[in-house]
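Here the structure comes first, spelled out in structure tokens, and everything after it is commentary.
The values are calculated or read from the model by the stated rules, or taken from the named source; none is laboratory data. These numbers were taken from a predicted model, which means no experiment stands behind them. Quick reminder, even Gly has a Cβ in these numbers, built from the backbone with ideal geometry, and neighbours come from all protein chains shown.
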Amino acid sequence: MNLDFQSALSQVIEKIESWWETFVSMIPNMGVAILLLIIFVVLSRLAAKTFKKIFAKTSENKALTSLFTTIIKYTVIGIGLFIILSVLKLDKAVTSILAGVGILGLALGFAFQDIAANFVSGIILAFRTPFTIGDIIKVNDIMGTAMATNLRTTIVKTFTGQEVFIPNKDVLQNPIFNYTVLGKRRIDISVGISYGDDLDKVQAITLETIKNIDGVIDLENTVFDYEEFGSSSINFNIRFWISYPGAPGYFKVKTDAIKAIKKAFDDNDIMIPFPIRTLDFGIRGGEPLSAMQLNLQNAISEGEDETMDKSSQNN
């Protein structure tokens, strides 16, 4: 029993001595590895800053600049780590790491499909640039100013003051309405007029009113069209363009147009009618209330005459 203990102890001591000798022999390599790590960290930052300056001169796409800067930074660090492992004579470890990264990447791909989809969608949006920072856009009924686009979400600040984080996948897969790229926006206003008004006069007055509103542009593209015979009015649409975004704003011009049309119609005795409802009291339809009252009076009179005739017969 004593011999077994001494044998085991001697083996442990030999192993520790072997590790110590290996550690001492690797001290120069470890020093080189630490120096290389510092160098590659500095190089990664310099490479990222240099690329950012160069790319900023050729493109104003901040999302794309951020994407490439991040990729370059971590690529340089990754190359440095593989070189450091080689200096430390851990070539087998490098092979194992590469194999592990491949398996881990496959597993993560299934586990984080949405994250991967948003990441890829962010890259596509960065290249396609359907909008830029500061544009007014609408996605999934969310309308506002595009504040930022990163590799996972697009941030939109709504006109009511909220910041909405929309997944890049939803932005890419749904229609994107960009209200800034053309520099103008159309305003549509629907109005109803009385059946007794002159339609040509109404059209002329409406078009002249719109021309005098501050902020209206492209007057030749203003469109007036009668839409339908409504239940109590003839309805028409007036469509005109304004600079957008800019001053005066969309809601101000729309409000000014509605007020101006109402005033012009009042000055020219053009009626915007209230809804009218006709009550039909006839059993067979088409009989007005006055006729119903007359029929009721006749029926009462006939009933009174019959009563008087019966009374005279009895007497």
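For this structure, a couple of remarks:
- Only one of the numbered conditions (1) part of a strand (DSSP E or B); (2) over 26 Å from ILE136 (Cα atoms) is violated by ASN237, and that is (2).
- Unique residue being at pLDDT below 80, surrounded by 14 or more Cβ atoms within 10 Å (Cβ to Cβ) and touching a helix residue (DSSP H, G or I) at 6+ places or on another chain (Cβ under 7 Å) when the list is ILE97, ILE123: ILE123
- Unique match (being part of a loop (DSSP other than H, G, I, E, B), modelled with pLDDT of 90 or more and among the charged types (D, E, K, R)) among ASP269, ASP256: ASP269
- For ARG186: the one exception among (1) assigned to a helix (DSSP H, G or I); (2) touching a helix residue (DSSP H, G or I) at 6+ places or on another chain (Cβ under 9 Å); (3) basic (Lys, Arg): (1)
- Within segment 145-174, the set of residues being within 9 Å of the chain's Cα centre (by Cα) and crowded, with 20+ Cβ neighbours inside 10 Å comprises ALA146, THR154, VAL156, VAL171.
- Residue count for segment 178-192, restricted to those that are modelled with pLDDT of 90 or more and exposed (fewer than 12 other Cβ atoms within 10 Å of the Cβ): 2.
- Filtered residue count, segment 130-151, keeping only those that are touching a Ser or Thr at 6+ places or on another chain (Cβ under 6 Å), aliphatic (A, V, I, L, M) and without any contact (Cβ under 8 Å) to a residue 40 or more places away in the chain: 0
- Meets criteria (in contact with a strand residue (DSSP E or B) (Cβ under 8 Å, 6 or more places away or on another chain) and modelled with pLDDT of 60 or more) for ASP91: no
- Any hit, segment 219-228, residues being of a type in the set (S, T, N, Q) and at pLDDT below 60: no
- In segment 152-178, the residues that are of a type in the set (Lys, Arg) reach residues that are assigned to a helix (DSSP H, G or I) with C-beta atoms within less than 6 angstrom, at least six apart or across chains, in these pairs: ARG152/ASN118; LYS169/ALA117; LYS169/ASN118; LYS169/SER121.
- Scanning segment 193-240 for residues that are among the aromatic types (Phe, Trp, Tyr) and either closer than 19 Å to LYS259 by Cβ or in contact with a Leu (Cβ under 8 Å, 6 or more places away or on another chain) (or both) yields PHE224, TYR226, PHE236, PHE240.
- Scanning segment 189-233 for residues that are over 36 Å from the mean Cα position of the chain (by Cα) and assigned to a loop (DSSP other than H, G, I, E, B) yields SER194, TYR195, GLY196, ASP197, ASP198, SER231, SER232, SER233.
- Residue satisfying all of: in segment 201-234; under 17 Å from ALA264 (Cα atoms) and polar (S, T, N, Q); surrounded by the fewest Cβ atoms within 10 Å (Cβ to Cβ) among these: ASN212
- With respect to the stated conditions, THR22 fails to be closer than 26 Å to GLY122 by Cβ and either at pLDDT 70 or above or of a type in the set (S, T, N, Q) (or both).
- Among (1) over 30 Å from PRO175 (Cβ atoms); (2) at pLDDT below 70; (3) under 29 Å from the mean Cα position of the chain (by Cα), the one test that GLY109 misses: (1)
- Residue among ALA47, ALA63 that is modelled with pLDDT of 65 or more and closer than 30 Å to THR132 by Cβ: ALA47
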